[in-house]
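Below is one structure, written out as structure tokens, with a few remarks after it.
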Number of protein chains: 2
Amino acid sequence: MGNKLYHHGDLRNSLIEAGIELINQEGVKRFSLRKVSALCGVSQAAPYSHFQSKEDLLKAMQDYVTEQFMADLERSIQSYTNQNDPGVLVQMGKSYVMFFINHPHYFHFLFSQPCMTVNLSIEGDAAENFQPFELLRTTALRVFEKDKLSKEIIEDTIIALWATVHGLASIATMKNVHYDKDWETKIEDIIWNK
Amino acid sequence: MGNKLYHHGDLRNSLIEAGIELINQEGVKRFSLRKVSALCGVSQAAPYSHFQSKEDLLKAMQDYVTEQFMADLERSIQSYTNQNDPGVLVQMGKSYVMFFINHPHYFHFLFSQPCMTVNLSIEGDAAENFQPFELLRTTALRVFEKDKLSKEIIEDTIIALWATVHGLASIATMKNVHYDKDWETKIEDIIWNK
DNA sequence: GTATAATCTTAACAATGTTAAGATTGGAGG
DNA sequence: CCTCCAATCTTAACATTGTTAAGATTATAC
């Protein structure tokens, strides 16, 4: 009765988004299921209708962000005319930075929390790695295929490209650094001059 | 009265060592002050006579291992005749691996727990880095000084050397890989052939 | 030998993850 | 429209945890 519904309607996503906010404000250390429940105006045990455990919610939070990020990057790549042209890397790099300019809280959530496991290894099992990094890597490998470069140089170039783009995202999402319409051209310039 | 002493005698170190054992067996997630206290045959609040908090004990556990490791490495370096000879790096590498062959549980404690913060960056703040890594780095810089190599090549060589040595330690401390008297010569060969 | 500081114990508190049992509700099938 | 069922949510409770307070015990300095 009234405006208080027994059924929340979209509790699963609300818990995920409130969880990200909570971690950004208090850190993963002070994150708790009960606090997230309270933020969603819901009882302490409500999350257990959607998640098996606290760890399960945390994993879902990571997947939630990563999936949006991946969808954005894949859309960006496929919208480019020539998939083998180096320009596709610049296009992807722009999207990489832009995604976090549009969602700065996602950047802090993913990369500023020591226990949010984001694997970034070249040699290790690719399947366990941060998916956006692997997407950048396979895209770059396709672009560089025709160039007959040594494996080492290619891998180093990929790391350099990723570092540039990730660094830009890190700077752009810092507090007091505001979005500027010149950012897009800024990003293009920096990546091209690599 | 009897053999049960009111004063433990060496509780601080016992807590640290029992804590390392507990983390190796159950993981940092299931580590708790009360369990460590029980393992030491002491009441739940006893740790607070030696540590301010759980975090404080965890930090002390890391420092405890790192200090022993550093002392070992420094002794190894200083025992070598010529501090500028490349051989000092081999000597140090041998000690690096040997330390963890002699203390395999320290390796797992330091490197297999996601929340044990071990920084290993080249560009970042050196003071925040894993001290043994910085020691290897400064030693290598001294050895390579006369060679007039580019900074990039030197840094890459340092990474390669560290990776070799650390990888050997990782393999050597795996279960079912037992210490063998040939390990020392094995290590020498692998590092020299780099 | 006594005062004092260090060390340890017991007891309690609030916060947390998790489960059990039951209430409420939306929607499918009659 | 009505009924039944599964999904969703609530309340209540439990064990575990970090931490503090108050006091007991012991080592050590004087």
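Bear in mind that the values in this text are calculations on the coordinates, not laboratory data. Being a predicted model, the structure only gives us computed values, none of them experimental. Because the Cβ atoms are built from the backbone with ideal geometry, glycine has one as well, and the counts that use them run over all protein chains shown.
Structural remarks
- Between 0 and 90 degrees, the angle of helix B:11-26 with respect to the longest Cα principal axis of chain B falls at about 70 degrees.
- Computed log₁₀ I(q)/I(0) - Debye formula, equal Cα scatterers, no solvent, the stretch A:52-194, q 0.10, 0.13 Å⁻¹: -0.35, -0.59
- Listed by chain and number, the lysines placed with their C-alpha closer than 24 angstrom to that of residue B:186 are B:94, B:175, B:194; residues fewer than eight positions away on the same chain are left out.
- Those lysines that a straight Cα-Cα span of less than 16 Å connects to residue B:59, excepting residues fewer than 8 apart in one chain: A:29, B:29
- Burial ordering of A:77, B:159, A:187, fewest other beta-carbon atoms within 10 Å first: B:159, A:77, A:187
- ³J(HN,Hα) computed for each position of the stretch A:129-141 - Karplus, 6.51 cos²θ - 1.76 cosθ + 1.60, integer Hz, glycine/proline x: 6, 4, 4, x, 5, 5, 5, 4, 5, 5, 4, 5, 4
- The mean sequence distance of close C-alpha pairs (under 8 Å, at least 6 residues apart), as a share of the length of the stretch B:1-114, puts its relative contact order at 26 percent.
- Each other copy places its own label point for residue B:84 at 5.3 nm from this one, sorted shortest first, where the point lies 7 Å along the Cα-to-beta carbon line.
- Helix axis angle, B:183-192 relative to chain B longest principal axis, alpha carbon, degrees: 40 degrees
- Order of B:6, A:179 under a 10 Å beta carbon neighbour criterion, fewest first: B:6, A:179
- Chain A, relative contact order in percent, only Cα pairs under 8 angstrom and at least six apart counted: 21 percent
- Distances between copies of residue B:44, taken at a point 7 Å out from Cα along the Cα→Cβ vector and listed shortest first: 1.7 nm.
- Between the stretch A:1-68 and the stretch B:153-178, the alpha-carbon centres lie 41 Å apart.
- For chain B, the longest principal axis of the Cα atoms and the long axis of helix B:151-172 meet at an angle of about 50 degrees.
- If you wrap the tightest convex hull around every Cα atom of the stretch A:1-51 and split its volume per residue, you get 75 Å³.
- Chain A - mean residue ellipticity at 222 nm from DSSP helices (-39,500 (n - 2.57) per run, n ≥ 4, rounded to 500): -20000 deg cm²/dmol
- Over the stretch A:1-51, Cα pairs under 8 Å with separation of 6+ residues give a relative contact order of 32 percent.
- For the protein assembly as shown, alpha-carbon Rg over 2.2 N^0.38 Å: 1.19
- Cβ charges +1 (Lys, Arg) and -1 (Asp, Glu), total dipole of chain A, debye: 660 debye
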